[in-house]
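The values are calculated or read from the model by the stated rules, or taken from the named source; none is laboratory data. In this text the structure is predicted, and so the values were computed from the model without any measurement. All Cβ positions, even for glycine, are placed from backbone atoms using ideal geometry, and neighbour counts span all protein chains on display.
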Ligand code: 7RM
């Protein structure tokens, strides 16, 4: 492909061009796609108003750039290879032609059931091919999909349905995950008791478990698809029409609906996919993420399929039936590019080499990581034992809001350094600022990471509340997008991401707002107040430590803690359950009533030697008690 970078000097050249003349650069990349009408202007932006437009007035449908585009050249090539949870069950391969038919068929189902351009559709599904088909069918009819990770609780699901006023939910009867079977439809039913906008629920059969089907509302996927044909003409979309909403956690309590639009997202996910992974046309690519997260959107579904790649979709977990499952799948499908999270690497590393040695892993060419900083030990283990010392590791830094990979080596081209995301992709202009917003120029500096020029797949708004988008991302530092991450640029100009500088924690690669977890804990009737911080956790990266003031009312501490965990499980889901809960008599507060999290973080880290000045606290005496009771 024209815009595939083939060597390091080409990268530097492309980078220079992208900065010197972004319109020419991105116009050229975008020219490789199929547009029903080309743009009037490549980019227009005003960061103060969080107003960003790419490929203005261009018309397209993103699915035509996957389905129509590859039908004649790659029709019989596998587009999606689906590997089930149970290795004894047979997988499914969908060729580009079959995917085309299935997407068209389901597009017709959506239309028949009242979905129009612009309507929001919630996808609450396990990792089954129908989830990808659902996303593409929404995009094809012009509906806005919002995938909600199927591990979220009914109340978290209801919040998202209500926030975007969705008209339809696409789901499944159940979900197989490891040794467990999860009653997905039941969760939907419970959620919808709190929702009024949903007209139809379409249920894909997966576990064949019994579910209640509400007459007039609930329909079976297989029955609906049997009633329609497999021809569908894609809706014409504007480049800036909404493609999807994806909810993500921030430093306030309520998750934000990050909005991505059509043209720019398409161009950037494809461009970054082929360049970062150095994808070649016969490669088999596997990203182990869930489609409920941005990584699944951009690098299981859109990026690879827009590139005509074969993408693997895995339903299960890394340790079922044993800790060799990932490697077994790599050998089975001769995977060439493998992309996972540091937390998975650390979890598997803990099992030692016995689960790895039975497998050859000789098809692997590129290894990737995403979601959190990777520690050097895990980096080396991955490099030596999975990549056998011959596969470059792409440590890819990006966010739900950035839509695509921002800072990363290009596999095999950029020399790597353990734990470094290395260099920005063409078109990406990172800048480092201090707390006052002053740019820290040159190498050997550390500060807050901002981006000071738009890129095609950047966030356009937070659904239903544009001011929140301005406040969160464009107000901290004037004229720049603020990432919320701390970063260091070393003597070679390489970037190393240091983690969040706000009240967001990263647990097993999952983003979580401490305020969000606190709100959930506070739902327990006996809880008076709580404060949540992250602490270093060997496998998860960060663990959740909750300090809770509560009335025990005759209960034992142990049973109260269990109840609190159950409450969080119910309000958000199992991923937000605190690892440690400490019942405390009070929380350290400043005179203006703010919780001093710095102290709580130190205690959680078990580093009480340098608590700093506590004399300005309203209640300094509480600190000793907290230290004494630390978990
Ligand atoms: C893709 C994704 C975003 C946050 C981000 C960082 C952290 C992601 C890396 C990383 C260090 C990396 N989207 N993060 N990738 N930190 N090195 N390679 O994860 O919206 O869910 O999270 O994740 O803190 O701000 S996300």
Exercise. Is it fair to say residue 495 is in contact (Cβ under 8 Å) with a residue 60 or more places away in the chain, under 22 Å from residue 627 (Cα atoms) and either within 16 Å of the ligand (Cβ to nearest atom) or in contact with a strand residue (DSSP E or B) (Cβ under 8 Å, 6 or more places away or on another chain) (or both)?
Worked result: no
Problem set entry | Total residues in segment 398-415, condition out of contact with any helix residue (DSSP H, G or I) (no Cβ under 6 Å at 6 or more places or on another chain), within 12 Å of the ligand (Cβ to nearest atom), in a loop (DSSP other than H, G, I, E, B) and over 19 Å from residue 259 (Cβ atoms) | 1
Exercise. What tally of residues in segment 602-616 results from selecting those that are surrounded by 15 or more Cβ atoms within 10 Å (Cβ to Cβ) and either out of contact with any helix residue (DSSP H, G or I) (no Cβ under 7 Å at 6 or more places or on another chain) or in contact (Cβ under 8 Å) with a residue 60 or more places away in the chain (or both)?
Worked result: 2
Exercise. For residue 502, which of the numbered conditions (1) at pLDDT 95 or above; (2) outside any strand (DSSP E or B); (3) surrounded by fewer than 20 Cβ atoms within 10 Å (Cβ to Cβ); (4) within 15 Å of the ligand (Cβ to nearest atom) fails to hold?
Worked result: (1)
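Say whether the condition of being buried (at least 18 other Cβ atoms within 10 Å of the Cβ), within 23 Å of residue 400 (Cα to Cα), modelled with pLDDT of 95 or more and touching a strand residue (DSSP E or B) at 6+ places or on another chain (Cβ under 8 Å) is met by at least one residue in segment 321-329.
Here is the first cut: in segment 321-329, the ones buried (at least 18 other Cβ atoms within 10 Å of the Cβ) are 323-327, 329.
With the extra rule that they be within 23 Å of residue 400 (Cα to Cα), the set shrinks to none.
Scanning segment 321-329 turns up no residue that is buried (at least 18 other Cβ atoms within 10 Å of the Cβ), within 23 Å of residue 400 (Cα to Cα), modelled with pLDDT of 95 or more and touching a strand residue (DSSP E or B) at 6+ places or on another chain (Cβ under 8 Å).
Quick grid of which residues meet (1) without any contact (Cβ under 8 Å) to a residue 12 or more places away in the chain; (2) surrounded by fewer than 15 Cβ atoms within 10 Å (Cβ to Cβ); (3) not in a strand (DSSP E or B):
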{"residue": "431", "(1), (2), (3)": "no, no, no"}
{"residue": "435", "(1), (2), (3)": "no, yes, yes"}
{"residue": "454", "(1), (2), (3)": "no, no, yes"}
{"residue": "459", "(1), (2), (3)": "no, no, yes"}
{"residue": "471", "(1), (2), (3)": "yes, yes, yes"}
{"residue": "476", "(1), (2), (3)": "no, no, yes"}
{"residue": "487", "(1), (2), (3)": "no, no, no"}
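Residue-by-condition table, conditions (1) within 12 Å of the ligand (Cβ to nearest atom); (2) under 19 Å from residue 536 (Cβ atoms); (3) in a loop (DSSP other than H, G, I, E, B); (4) in contact with a strand residue (DSSP E or B) (Cβ under 6 Å, 6 or more places away or on another chain):
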residue	(1), (2), (3), (4)
343	yes, yes, no, yes
347	no, yes, no, no
352	no, no, yes, no
357	no, no, yes, no
367	no, no, no, yes
For this session: Tell me which residues, restricted to segment 302-320, are part of a helix (DSSP H, G or I) and either surrounded by fewer than 24 Cβ atoms within 10 Å (Cβ to Cβ) or away from the ligand (no atom under 16 Å from the Cβ) (or both).
Result: 305, 306
Exercise. Does segment 349-368 contain at least one residue that is under 21 Å from the mean Cα position of the chain (by Cα) and more than 18 Å from residue 328 (Cα to Cα)?
Worked result: no
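Condition check ((1) surrounded by fewer than 20 Cβ atoms within 10 Å (Cβ to Cβ); (2) farther than 22 Å from residue 184 by Cα) across all residues:
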position: 76; (1), (2): yes, yes
position: 85; (1), (2): no, no
position: 107; (1), (2): no, yes
position: 125; (1), (2): no, no
position: 130; (1), (2): no, no
For this session: Inspect segment 425-435 for any residue being within 11 Å of the ligand (Cβ to nearest atom) and closer than 20 Å to residue 337 by Cα and give the result as yes or no.
Result: no
For this session: Read through the list (1) in contact with a strand residue (DSSP E or B) (Cβ under 7 Å, 6 or more places away or on another chain); (2) over 26 Å from residue 42 (Cα atoms), then give the number of the only condition that residue 276 fails.
Result: (2)
Exercise. Can you find even one residue in segment 522-531 that is touching a strand residue (DSSP E or B) at 6+ places or on another chain (Cβ under 6 Å) and either within 12 Å of the ligand (Cβ to nearest atom) or under 15 Å from residue 47 (Cα atoms) (or both)?
Worked result: no
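Rundown of residues vs (1) within 22 Å of the chain's Cα centre (by Cα); (2) under 26 Å from residue 291 (Cβ atoms); (3) within 15 Å of the ligand (Cβ to nearest atom); (4) modelled with pLDDT of 95 or more, yes/no style:
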{"site": "437", "(1), (2), (3), (4)": "no, no, no, no"}
{"site": "453", "(1), (2), (3), (4)": "no, no, no, yes"}
{"site": "466", "(1), (2), (3), (4)": "yes, no, no, yes"}
{"site": "488", "(1), (2), (3), (4)": "no, no, yes, yes"}
For this session: From (1) assigned to a helix (DSSP H, G or I); (2) modelled with pLDDT under 95, pick out the condition that doesn't hold for residue 181.
Result: (1)
Problem set entry | helices (runs of 4 or more DSSP H) (entirely within segment 31-146) containing at least 2 residues that are within 27 Å of residue 183 (Cβ to Cβ) | 96-112, 129-141
